[in-house]
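Student: Handing you this structure, nothing more for now.
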Amino acid sequence: MVWSVEQVEAVAPSPAAITGAQPLATPGRWFDVGADDRVIWGSFQGSGAEPYDTAVDHVGVGYLCTCPSRMLPCKHALALLLMWSRDLVPIGVPAVKVEVWIQRRHARAVQEASAWELGDGAGVNAEAAERSVDDEATTEEEPAPLPPSVGERDTARNERVERMFAGLTELDRWLDDRMRTGLADPALARYATWDDLAARLVDAQVGGLANRIRRLAGLVGASATWHDDVLAELGLLHLLSQAGRRLGSLPGPLADAVATTVGWQVRRADVLGGVPDTDRWVVAGRSDQRENRIEVRRHWLRGTASGRWALVLSFAAYQQSLNTSLEVGTAVHADLHRYPGPALRALVGKRHLDESAAIFPGDPVSGPPSGRPPAQSVADAADEIGGMLVAEPWLDRVPTSVTAAVVRRGDAWFVGDDTGALPILPTAATRGVGDRRNPRAANDPLTMLLALSGGGLVDMTLEWTPHGVIPLAVHLDQRSIDIGPRADISFVGAA
């Protein structure tokens, strides 16, 4: 089966690697490209005189490239996978050296399986199998270099852990310097101060924290309370840097949550191989956000039986499309596969369309079953948000649904009831979260919320952030209205 773009992103060693591979995923820059049911291959003409010969075993998941990069997979292998995922690679017959590489990989897999089952005596059989493969390869060309062995892969993994540990140590030293110089240091007002650190963290494969660092740069001077906001974020970075260097002593679920937050990649196939969380999932809200030239779409789902929240993410680079299969106000009976730890993020697995039509109201011909999440008081919503933050204090976006009205105190806007109030994010209350240059993106959630509620109590889904809530949807008696921030369609294309 052809991989999806999300699967390609899952095997990338860092978000920066995907960014670097995107410009190379163009058929015009490749020749001798092809694919079969086991391997993808092609030659990339770079700046050097000799092209880079690249091959990817998409079944056994292995990579081969003659470029000098130490990254595995390199940007050429990722670009080849991206073209394949977009149906830009034709079916063909691999060159002899590619066949030799695949045969050797198969022989090594046989060796490892035999060694596991039979012990040391299996090594002789495996060596004979590999010799027979070499004898069958009749070519005058020098075979392509072999991919890393199991021991070498373990070494590469250990090296990555060491780089991450070194990156976290450097981050802690940088935080100490910030505390010594104070938040009045003029260097904090320069974007390069934050961007240089983020780039070093990406090199250390701590990309998750690099994104937080870049977002921090936008907080400096943004409000009258920016010192408090920056100090709180620096405290969370210190917490994560300390926890990331102590993964071995943390409880399993917490260690998984810290590792994925710091930037450890989890393969999509591993997530889908876990035990599913099957329920009737109501699509309660949707929110789009631009991060590092990538549009990120968040769909917040809530299980009608379990009451648990889940986050489904989709990503789009320039002229790519975001996920439109989950419509706010609908419900789907499906398997969700959650990422390790207490994380909210999940992948949608099997959709039980027939069962959904039989058990839940709705005609699959005219459309999916409708649904709305259960709403609660503001006080109960605050308790729910607090419970999720206790499990993962570094979460910067948490969903909740409330029955509340829109109120104003001075220049600030809130959603509240007789149990309390939650402040609306100032940008959401003044000009919309989207890009104002794009009329469809520059929606104003506050104006829409006021118009739909008529100043009274109404069910709504909110996205909590440390600086205020963002209205995502209003749930009326007959339907739900999606008012969440929209992506710039001129960037991602009409999705």
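The values are calculated or read from the model by the stated rules, or taken from the named source; none is laboratory data. Note that the coordinates shown come from a computational prediction; the quantities given were computed from them, not determined experimentally. Here the Cβ is made from the backbone with ideal geometry for all residues, glycine too, and neighbour counts use every protein chain on show.
Student: If you check Gln265 against the conditions, is it at pLDDT 90 or above, closer than 26 Å to Glu170 by Cβ and either polar (S, T, N, Q) or not assigned by TED's automatic domain parsing to the domain that holds Val402 (or both)? Step through it out loud before you land on a result.
Tutor: Values: at pLDDT 90 or above: no; closer than 26 Å to Glu170 by Cβ: yes; either polar (S, T, N, Q) or not assigned by TED's automatic domain parsing to the domain that holds Val402 (or both): yes.
The answer is no for Gln265.
Student: So, one more: Criterion first (free of Cβ contacts under 8 Å to residues at least 24 places away in the same chain and closer than 15 Å to Ala346 by Cβ) does Asp270 satisfy it? Break it down into steps so the answer makes sense when it comes.
Tutor: On the way: free of Cβ contacts under 8 Å to residues at least 24 places away in the same chain: yes; closer than 15 Å to Ala346 by Cβ: yes.
It is true that Asp270 is free of Cβ contacts under 8 Å to residues at least 24 places away in the same chain and closer than 15 Å to Ala346 by Cβ.
Student: Separate question: Just give me the residues in the stretch 379-408 being farther than 23 Å from Gly484 by Cα, touching a residue at least 12 places away in the same chain (Cβ under 8 Å) and not hydrophobic (A, V, I, L, M, F, W, C), in sequence order.
Tutor: Matches in the stretch 379-408: Glu392, Pro393.
Student: Also, I was wondering about something else. Among the residues of the stretch 205-224, write down those that are surrounded by fewer than 23 Cβ atoms within 10 Å (Cβ to Cβ) and either basic (Lys, Arg) or within 11 Å of Leu168 (Cα to Cα) (or both).
Tutor: Answer for the stretch 205-224, where residues must be surrounded by fewer than 23 Cβ atoms within 10 Å (Cβ to Cβ) and either basic (Lys, Arg) or within 11 Å of Leu168 (Cα to Cα) (or both): Arg212, Arg214, Arg215.
Student: Here's another thing I want to ask about it. Condition (residue is closer than 26 Å to Cys74 by Cβ and in contact with a Ser or Thr (Cβ under 7 Å, 6 or more places away or on another chain)) applied to the stretch 193-202: is it met by at least one residue? Outline the logic, then answer.
Tutor: First, pick out the residues of the stretch 193-202 that are closer than 26 Å to Cys74 by Cβ: 195-202.
Pick out the ones that are also in contact with a Ser or Thr (Cβ under 7 Å, 6 or more places away or on another chain) and you get 202.
Looking for residues that are closer than 26 Å to Cys74 by Cβ and in contact with a Ser or Thr (Cβ under 7 Å, 6 or more places away or on another chain), one finds at least one in the stretch 193-202, hence yes.
Student: Would the stretch 295-306 turn up any residue that is in contact with a Lys or Arg (Cβ under 6 Å, 6 or more places away or on another chain) and either more than 20 Å from Met460 (Cβ to Cβ) or assigned to a loop (DSSP other than H, G, I, E, B) (or both)? Break it down stepwise before answering.
Tutor: At the first step, the residues of the stretch 295-306 found to be in contact with a Lys or Arg (Cβ under 6 Å, 6 or more places away or on another chain) are 299, 304.
Of the ones still in play, those that are also either more than 20 Å from Met460 (Cβ to Cβ) or assigned to a loop (DSSP other than H, G, I, E, B) (or both) are 304.
Within the stretch 295-306 (the criterion being in contact with a Lys or Arg (Cβ under 6 Å, 6 or more places away or on another chain) and either more than 20 Å from Met460 (Cβ to Cβ) or assigned to a loop (DSSP other than H, G, I, E, B) (or both)), the answer is yes, since at least one residue qualifies.
Student: Does the stretch 60-74 contain any residue that is hydroxyl-bearing (Ser, Thr, Tyr), farther than 15 Å from Trp3 by Cβ and more than 28 Å from the chain's Cα centre (by Cα)? Walk me through it before giving the result.
Tutor: Start the filter on the stretch 60-74 by keeping residues that are hydroxyl-bearing (Ser, Thr, Tyr), which leaves 63, 66, 69.
Add one more test, that the residue is farther than 15 Å from Trp3 by Cβ, and what stays is 66, 69.
Cutting the leftovers down to more than 28 Å from the chain's Cα centre (by Cα) gives us 66.
Yes, the conditions are met somewhere in the stretch 60-74.
Student: So, one more: Within the set of pairs 6 or more residues apart or between chains, which connect a residue that is farther than 21 Å from Gly207 by Cα and free of Cβ contacts under 8 Å to residues at least 40 places away in the same chain inside the stretch 179-196 to a residue that is assigned to a helix (DSSP H, G or I) and not small (Gly, Ala, Ser) with Cβ atoms less than 7 Å apart?
Tutor: Ala187/Thr193
Student: Going by the conditions given, is Gly386 at positive phi, surrounded by fewer than 19 Cβ atoms within 10 Å (Cβ to Cβ) and modelled with pLDDT of 90 or more?
Tutor: Details: at positive phi: no; surrounded by fewer than 19 Cβ atoms within 10 Å (Cβ to Cβ): yes; modelled with pLDDT of 90 or more: yes.
Against the criterion (at positive phi, surrounded by fewer than 19 Cβ atoms within 10 Å (Cβ to Cβ) and modelled with pLDDT of 90 or more), Gly386 does not qualify.
Student: Touching a residue at least 40 places away in the same chain (Cβ under 8 Å) and within 26 Å of Pro445 (Cβ to Cβ): does that describe Arg297? It would help to see each step written out before you state the result.
Tutor: Details: touching a residue at least 40 places away in the same chain (Cβ under 8 Å): yes; within 26 Å of Pro445 (Cβ to Cβ): yes.
When the stated conditions are applied, Arg297 passes them.
Student: So, one more: Hey, among Ser366, Ser325, which residue is outside the structural domain of Ala199 (by TED's automatic domain parsing) and modelled with pLDDT of 70 or more? Can you show your working first?
Tutor: Numbers: Ser366 fails: modelled with pLDDT of 70 or more.
Ser325 is the lone residue from the list that is outside the structural domain of Ala199 (by TED's automatic domain parsing) and modelled with pLDDT of 70 or more.
Student: Assigned to a helix (DSSP H, G or I), charged (D, E, K, R) and under 23 Å from the mean Cα position of the chain (by Cα): which single residue out of Asp195, Asp229, Asp177 fits that description?
Tutor: Numbers: Asp229 fails: under 23 Å from the mean Cα position of the chain (by Cα); Asp177 fails: under 23 Å from the mean Cα position of the chain (by Cα).
It is Asp195.
Student: Are any residues in the stretch 63-90 over 19 Å from Gln205 (Cβ atoms) and either of a type in the set (S, T, N, Q) or not assigned by TED's automatic domain parsing to the domain that holds Asp53 (or both), and if so, which ones?
Tutor: Within the stretch 63-90, Thr66, Ser85 meet the criteria.
Student: Which ones in the stretch 180-192 are among the basic types (Lys, Arg) and part of a helix (DSSP H, G or I)?
Tutor: Going through the stretch 180-192, the residues among the basic types (Lys, Arg) turn out to be 180, 190.
Residue satisfying the conditions is Arg180 alone.
Student: If you don't mind, another one. All but one of (1) at pLDDT below 95; (2) closer than 24 Å to Ser85 by Cα hold for Pro276, so report the exception by its number.
Tutor: All conditions pass for Pro276, except number (2).
Student: If I go through the stretch 298-346 residue by residue, how many of them are touching a helix residue (DSSP H, G or I) at 6+ places or on another chain (Cβ under 9 Å) and either of a type in the set (Phe, Trp, Tyr) or over 25 Å from His475 (Cα atoms) (or both)?
Tutor: 15
Student: If we scan the stretch 420-443, do we find a residue that is more than 31 Å from the chain's Cα centre (by Cα) and modelled with pLDDT of 80 or more?
Tutor: Yes, because at least one residue in the stretch 420-443 is more than 31 Å from the chain's Cα centre (by Cα) and modelled with pLDDT of 80 or more.
Student: State which residue is nearest to Gly167 (Cα to Cα) when the search covers only the stretch 258-294 and only residues that are among the β-branched types (Val, Ile, Thr) and assigned to a helix (DSSP H, G or I). Spell out how you get there, then give the answer.
Tutor: Step one: filter the stretch 258-294 for residues among the β-branched types (Val, Ile, Thr), giving 258, 260-262, 266, 271, 275, 278, 282-283, 294.
Still in the list and also assigned to a helix (DSSP H, G or I): 258, 260-262, 271.
Values: Val258: 15, Thr260: 15, Thr261: 14, Val262: 10, Val271: 26 Å.
Across the stretch 258-294, the extreme among qualifying residues is Val262.
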